[in-house]
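Everything below concerns the one structure shown next.
All of the numbers you see were taken from the coordinates with simple rules; none came from a lab. This structure is a prediction, so every number in the text was calculated from the model and none was measured. Positions of Cβ are generated from backbone atoms using ideal geometry, with glycine treated the same way; all protein chains shown enter the neighbour counts.
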Amino acid sequence: MKVLVFNGSPKGKTSITQKHVEFFSMNFPEVEFRTVYISKEIKKFENSSEYKSETLKFIDDSDLILFAWPVYYMSVPAPYLRFFEIIQDLHLDKHFSGKSGALFSTSIHFFDHTSHDYVRSMCDILDMNFTCGLSAHMEDMTKTEGAAKMIGFMKKAIRLSKNNHRTPKQFEKIISPEFRYNPGKACTEIDSGESSVVILTDHGSDSNLGSMVERFAGNFKFPPRIVHLREAELVSGCMGCLKCAGDQICIFNNKDNHRKIVEEIIVPSDMLVIAADLRHGYFSAEWQKFLTRLFYNGHVPLVKNKFMGFLFSGGFNKRPFIREIFEGFLLHSDNSILEFISDEVNDSKLLDTMIDSMAVEMMNDFNEKYIPFMKFPAVGAHKLFRDEVYGRLGFVFEYDYKHFKSNKLFDFPTGKPHMSILRFLLSSVLKIPPFRRRFYMKEMIPGMLRPYDKVLKKIKTKTP
């Protein structure tokens with residue numbers, strides 16, 4: 001059995017990902033493991049035909065391909081994403097077709113499922129035979145139970161590969177749309193006053209996205225600030241070096257315009273539109289560079305209290321994890337997302353109406369300062385970060401710990417003695433059969449409704 005590992009960590013050999021690969025190799029001596037440090041060596045894969053040919057030969061000779069990576073910003077590191085872009089652009093899928101594939105990631109479980117969805121989507125469009133996947137917490141390998149699960153995962157992946165296991169595909173290929181968006185004349189003229197409207201985009205000349213951006217911008221009396229990603233002149237995405245953890249300064253801070261765009265344009269903005277080309281099944285590698293570099297601020301959100309919208313060209317409706325990523329990532333920091341709009345509607349007039357409506361409602365919500373409650377992904381995101389920052393991460397990310405503490409974000413359901421007393425008293429009373437019957441049969445529903453009745457009664461007394 002030959003297992004080819006594509007290590008997705010930008011740190012290559014000096015990464016937690018690689019320590020897990022070594023764990024697999026040591027526990028399965030009968031299996032031949034070969035590792036390609038594809039994220040660290042992405043430039044060689046992109047520019048060296050010799051290196052590319054060698055890598056493709058490794059793929060051809062393998063029985064099982066293990067995609068192993070650290071979760072970066074709900075997805076994968078930017079160079080790993082770039083690897084999948086190159087595979088698609090050069091039509092190298094034939095080397096992967098029919099091969100068994102397994103997925104392994106390490107993280108603190110923050111949107112690890114969407115990261116797996118992305119890599120699984122790549123397996124599907126490359127026509128691979130998906131076997132199984134495992135998402136490990138960074139500390140799992142150091143614990144007996146965690147190590148046992150990892151061994152079980154690799155046993156399963158090898159067994160399914162040998163048995164030529166087949167699973168249904170979860171994700172379809174994204175076909176370049178034939179639809180060409182021809183916007184009509186914008187009929188609204190929104191007065192944004194002194195508020196700031198920013199559009200951050202990666203549109204090119206060969207997609208509908210540029211016209212969609214222009215349509216949205218054309219709704220405003222004062223033109224929004226349009227910032228193209230190329231203005232950032234990004235030299236790299238996040239490398240995971242953690243040198244920013246102490247002072248919030250990225251090692252690339254003075255080498256490109258990332259921080260300038262974030263802190264001088266995005267952070268002061270009131271309304272923000274993200275426009276992205278999804279032709280490769282997710283945001284581009286350049287987008288992922290930009291997003292992962294936001295980690296210089298640790299687990300403290302930089303994008304907050306914004307009224308936001310998304311414009312997409314490509315297969316948004318075929319990649320539901322994209323919506324889930326941004327709803328969880330952005331809504332847990334008190335942002336409001338108006339809409340996700342894609343050119344998949346294949347109707348220029350309808351697209352006009354949708355874009356115009358988003359512009360109008362974004363301004364309305366800004367004026368009303370209406371930000372809805374968080375839903376489960378955002379609530380879960382907050383609680384996971386809260387627990388991790390309160391724990392071991394707080395030692396390294398001191399700035400994050402101070403932020404959570406000063407903003408009362410360590411909102412654990414503890415430290416409320418009155419609740420403990422009430423719980424003790426109620427549980428004691430409910431052990432008495434007559435009280436127990438009365439509570440569950442007669443009192444519970446009225447008791448649940450009583451707080452709401454009080455609110456409604458106050459409103460009623462105020463109504464003339």
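Values for this structure:
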| read-out | value |
| --- | --- |
| Using alpha carbons only: equivalent-ellipsoid semi-axes of the range 417-462, gyration tensor based, whole Å | 27, 15, 5 |
| Span from the the range 350-365 Cα centroid across to the the range 154-172 one, whole angstrom | 44 Å |
| For a label point 7 Å along the Cα-to-beta-carbon line of Phe28, residues of the range 150-179 with backbone N under 15 Å | 150-165 |
| Gyration tensor over alpha-carbon atoms, the range 274-416, equivalent ellipsoid semi-axes in Å | 32, 18, 13 |
| Under-5 Å amide H pairs with Met308, H placed in peptide plane, nonlocal only | Leu272, Ser336, Ile337, Leu338 |
| Asp60/Lys369 FRET efficiency (R0 45 Å; Cβ-Cβ; nearest 0.05) | 0.15 |
| Residues listed by number, the range 376-397, amide nitrogen under 14 Å from Leu409 label point at 7 Å toward C-beta | 378-391, 393-395, 397 |
| Cα coordinate range in the range 159-226, projected on the principal axes (Å, largest first) | 65, 28, 19 |
| Sparse-neighbour loop sites [chymotrypsin sites (Phe, Trp or Tyr not before Pro); the range 132-240; at most 15 other C-beta within 10 Å; DSSP] | Phe179 |
| At most 16 other Cβ within 10 Å, DSSP loop - chymotrypsin sites (Phe, Trp or Tyr not before Pro), the range 367-462 | Tyr370, Phe373, Phe410 |
| Debye intensity ratio I(q)/I(0), log10, the chain, q values 0.09, 0.10 Å⁻¹ (C-alpha model) | -0.71, -0.85 |
| Members of Lys173/Lys289; Lys40/Lys255; Lys375/Lys408; Lys375/Lys457; Lys173/Lys260 lying beyond 30 Å, as alpha-carbon distances in this model show | Lys173/Lys260 |
| Cross-link partners of Lys162 among aspartates and glutamates (Cα-Cα below 17 Å; sequence separation of 8 or more within a chain) | Glu30, Glu32, Asp60, Asp61, Asp63 |
| Inter-part distance where the range 401-446 and the range 193-233 are each reduced to a Cα centre, Å | 50 Å |
| Estimated FRET transfer efficiency (Asn317, Met419; beta-carbon r; R0 56 Å; 0.05) | 0.80 |
| For the range 278-294, 3J(HN,Hα) per residue [Karplus equation, 6.51 cos²θ - 1.76 cosθ + 1.60, θ = phi - 60°, Hz, x = Gly/Pro] | 9, 4, 9, x, 6, 4, 5, 4, 5, 4, 5, 4, 5, 5, 5, 5, 5 |
| Cα centroid of the range 1-32 to Cα centroid of the range 59-92, whole Å | 15 Å |
| Value at 222 nm in deg cm²/dmol, rounded to 500, when DSSP H runs of n ≥ 4 in the chain each add -39,500 (n - 2.57) | -13000 deg cm²/dmol |
| Exposure proxy order (Cβ contacts within 10 Å, fewest to most) of Thr463, Thr414 | Thr463, Thr414 |
| Antiparallel DSSP beta bridges within the range 2-162, as percent of all bridges there, nearest 5 | 5 percent |
| Dipole of the chain, positive direction: furthest Cα of Leu126, Met150, Pro224, with charges on the beta-carbon | Met150 |
| Directionally averaged shadow of the range 308-349, computed from the convex hull of its alpha-carbon atoms, nm² | 3.1 nm² |
| Nearest-0.05 FRET efficiency for Thr188 and Val235, computed from C-beta distance (R0 51 Å) | 0.80 |
| GluC sites (Glu not before Pro) within the range 1-47: DSSP coil, no more than 11 neighbouring Cβ in 10 Å | Glu30 |
| Ratio of the Cα radius of gyration of the range 286-358 to 2.2 N^0.38 Å, where N counts its residues | 1.24 |
| Spherically averaged projected area of the range 216-347 from its Cα convex hull (nm²) | 8.7 nm² |
| The range 2-162 - Rg and Dmax from Cα coordinates, angstrom | 14.5, 44 |
| Two-decimal ratio, the range 79-159, of alpha-carbon radius of gyration to 2.2 N^0.38 Å | 1.21 |
